[in-house]
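Engineer: Here you go, one structure.
Each value in this text was obtained by applying a stated rule to the coordinates, not by laboratory testing. Predicted model, so just to flag it, every value in this text is computed and none were measured. With ideal geometry, Cβ positions are generated from the backbone for all residues, glycine too; neighbour counts draw on all protein chains shown.
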Amino acid sequence: MISVEQHLDRILSTVKVIRPFEQGVLDAQGCVLAEDVTARGSLPGFTNSAMDGYAVHAADVASAAPDSPVVLPVVTDIAAGNTRPLSLAPGQTMRIMTGAPMPRGADAVVPVEATDGGIARVSITARSVVGQHVREEGEDVEAGRVVLRRGTLLGPGQIALLAAAGVARLRVVPRPRVVVLSTGDELVEVGRTPGFGQIVDSNSVMLSAAVTAVGATPYVVGGVPDDARVLMDTLEGQLVRADAVITTGGVSMGAFDTVKEVLSRVGTMQFDKVAMRPGMPQGFGVLGDEAVPVFTLPGNPVSALVSFHVFVAPALRQLAGRPEPAWPPGYLTAVATETFRSVPGKMEFLRVILDEDRARLAGGQGSHMLAALAAADALAVIPPEVTEVRPGEQVECLPLLGREAP
């Protein structure tokens, strides 16, 4: 039997970052930059108004006050999108809209609220200083400057910056494509009523949701029967589109554990008992010319999801160019509100509900109990050398995907 850390170390030492490729900026959301990116142009691209108001020479309105307004002629209007170069003479003003280009000579904007809103002539009741309500060309980003560094995860804010800086295409590490393959003669697809001895294939949809939550793209291949030839043909057919493969079921010691039977003979697959509960039977290796990582998870749904959080999620992030500390992967600390018991010699993952900094059991802890899993916020992790956590003692918790605090 090997430790959780040993199995995870083997996985992370094997998994390599996916080969980068060029992508359109909109399609790059959720990807990681593979190289530094420089701005094609300045932001703002021209000096413009930050307010609806009046472009002025600040010196002309330096004495303006509510009891002694300055009155200036309004010589034209400047709308956002104006492309005509304009010049403002001293002693004049132009009505200007937010985002409109400043006329040459003007060095301040008086907001509408500090005027009477005049169209031909305007009465200004507050002084301005040079630069007031003016966005200078390049004050945010200068052309040629590095705006985002290699390794940056691209979200909406980063996509906006790239687009505004004139970057249409860029090299990124793509989101991993993950084939989720569930095996077993007893499985029926979601939406069908199972007959006697059959169960709904919840694992494939659960793991597909987990793959999506970790920022990868799932492809579900459900209901593969316990037939060695069919399983091998299915795997070989899926490797061409996969950056990783996840299977569930068929990895224990039973007479019909087809996944273990088939994959033990190919690639670098290795099957181990891992000192953890739930999720002891685990397999991992690479298959095919592209050395696609294959994770074989237990068939019980809780065991499968716990295994995904502990082993698969860190590997998928590493594939995507987002490596994490190997262990612990993103823990938080909570205080137990009741006694948590664990078997000696195994790392225990208990489904718990978090109430601020307190943790309580979510319900039944059997590896088949989906109701408790759905109610849980996190996995309380009990080290192998600990058999009991008493009320008031601290425990490390791994937040479940999709249940993290906003």
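Engineer: Under 20 Å between alpha carbons, and skipping anything fewer than 8 positions from Lys273 in its own chain: which lysines qualify?
Structural biologist: Partners found: Lys260, Lys346.
Engineer: Additional query: Where does each of Glu396, Glu189 land when they are ranked from fewest to most other beta-carbon atoms within 10 angstrom?
Structural biologist: Details: Glu396 16, Glu189 13.
Arranged by neighbour count, lowest to highest, Glu396, Glu189 become Glu189, Glu396.
Engineer: What is the Cα centroid distance between the range 6-26 and the range 136-208, reported in whole angstrom?
Structural biologist: Value for the Cα centre distance between the two parts: 14 Å.
Engineer: Between Ala79 and Asp227, what is 0.36 nm times their sequence separation minus the Cα-Cα distance? Round to one decimal in nm.
Structural biologist: 46.2 nm
Engineer: Still on this model: Which of Phe271, Phe349 comes first, and how do the rest follow, when ranked by fewest Cβ neighbours within 10 Å?
Structural biologist: Phe271, Phe349
Engineer: Assuming R0 = 41 Å, what is the FRET efficiency of Ala213 and Met97, from their Cβ-Cβ distance, to the nearest 0.05?
Structural biologist: It comes out at approximately 0.45.
Engineer: Same structure again: How are the C-alpha pair distances of the chain spread across 10 Å bins, as whole percents from the shortest bin up?
Structural biologist: Distribution as computed: 5, 18, 20, 16, 11, 10, 10, 7, 2, 0 percent.
Engineer: Under a Cβ-only charge scheme (Lys and Arg +1, Asp and Glu -1), can you give me the dipole magnitude of the range 269-406 about the Cα centre, in debye to the nearest 20?
Structural biologist: Charge dipole, the range 269-406, about its Cα centre: 260 debye, nearest 20.
Engineer: Sticking with this structure for a sec: Would you work out the charge dipole size for the chain about its Cα centre, treating the Cβ of every Lys and Arg as +1 and the Cβ of every Asp and Glu as -1, and quote it to the nearest 20 debye?
Structural biologist: Magnitude of the dipole: close to 520 debye.
Engineer: How far apart, in nanometres, would the label points at Lys273 and Ala50 be if each is projected 7 angstrom from Cα along the Cα-to-Cβ direction?
Structural biologist: Distance between the two pseudo-spin positions: 6.8 nm.
Engineer: Mind sorting Ser202, Ser182, Ser87 by how few other Cβ atoms lie within 10 Å of their own Cβ, fewest first?
Structural biologist: Final ranking by Cβ density, sparse to dense: Ser87, Ser202, Ser182.
Engineer: FRET efficiency for Val129 and Val240, Cβ-Cβ distance as r, R0 = 56 Å, nearest 0.05?
Structural biologist: Once rounded, the FRET efficiency stands at 0.30.
Engineer: Let me ask something else about it. Nearest 5 is fine: what % of DSSP beta bridges in the chain come out antiparallel, could you say?
Structural biologist: In the chain, DSSP labels about 70 percent of beta bridges as antiparallel.
Engineer: Can you say what percent of the DSSP beta bridges in the range 332-399, counting only those with both residues inside, are antiparallel? Round to 5. Don't skip to the end; give the middle numbers.
Structural biologist: On the way: 19 of 21 bridges.
So the antiparallel bridges in the range 332-399 amount to around 90 percent.
Engineer: Right, something else. Calculate the dipole size of the range 13-169 relative to its Cα centre from +1 charges on Lys and Arg beta carbons and -1 charges on Asp and Glu beta carbons; express the result in debye to the nearest 20. List each step's numbers first, then the result.
Structural biologist: On the way: 13 positive and 16 negative charges, 113 e Å.
With Lys and Arg at +1 and Asp and Glu at -1, about 540 debye.
Engineer: Please work out how much length the chain gains when fully extended from Asp357 to Thr14, using 0.36 nm per residue of separation minus the C-alpha to C-alpha distance, in nm with one decimal. If you can, show how the numbers build up before the last one.
Structural biologist: Details: separation 343, 0.36 × 343 = 123.48 nm, distance 3.59 nm.
This chain segment gains 119.9 nm when fully extended.
Engineer: Okay, next question. If N is the number of residues in the range 332-399, what value comes out of its Cα radius of gyration divided by 2.2 N^0.38 Å? Each step should come with its number before you reach the end.
Structural biologist: Details: Rg = 10.8 Å, N = 68, 2.2 N^0.38 = 10.9 Å.
Ratio of Rg to 2.2 N^0.38 Å for the range 332-399: 0.99.
Engineer: Thr247's amide H: which non-local residues (gap 5+, or another chain) put their own amide H closer than 5 Å, with H modeled 1.01 Å from N in plane and none for Pro or chain starts?
Structural biologist: For Thr247, the qualifying residues are Leu181, Phe295, Thr296, Leu297.
Engineer: What translational diffusion coefficient, in µm²/s and rounded to a whole number, does the Stokes-Einstein relation yield for the range 48-135 at 37 °C and a viscosity of 0.692 mPa s, taking the hydrodynamic radius as the Kirkwood radius over Cα pairs? Please report the intermediate quantities before stating the final value.
Structural biologist: Numbers: Rh = 12.2 Å.
Using the Kirkwood radius from Cα pairs, D works out to 268 µm²/s.
Engineer: If you take the beta carbon distance between Ile119 and Ala59 as r and set R0 to 35 Å, what does 1/(1 + (r/R0)^6) give as a FRET efficiency, to the nearest 0.05?
Structural biologist: Working: r = 24 Å, r/R0 = 0.67.
The computed FRET efficiency comes out at 0.90.
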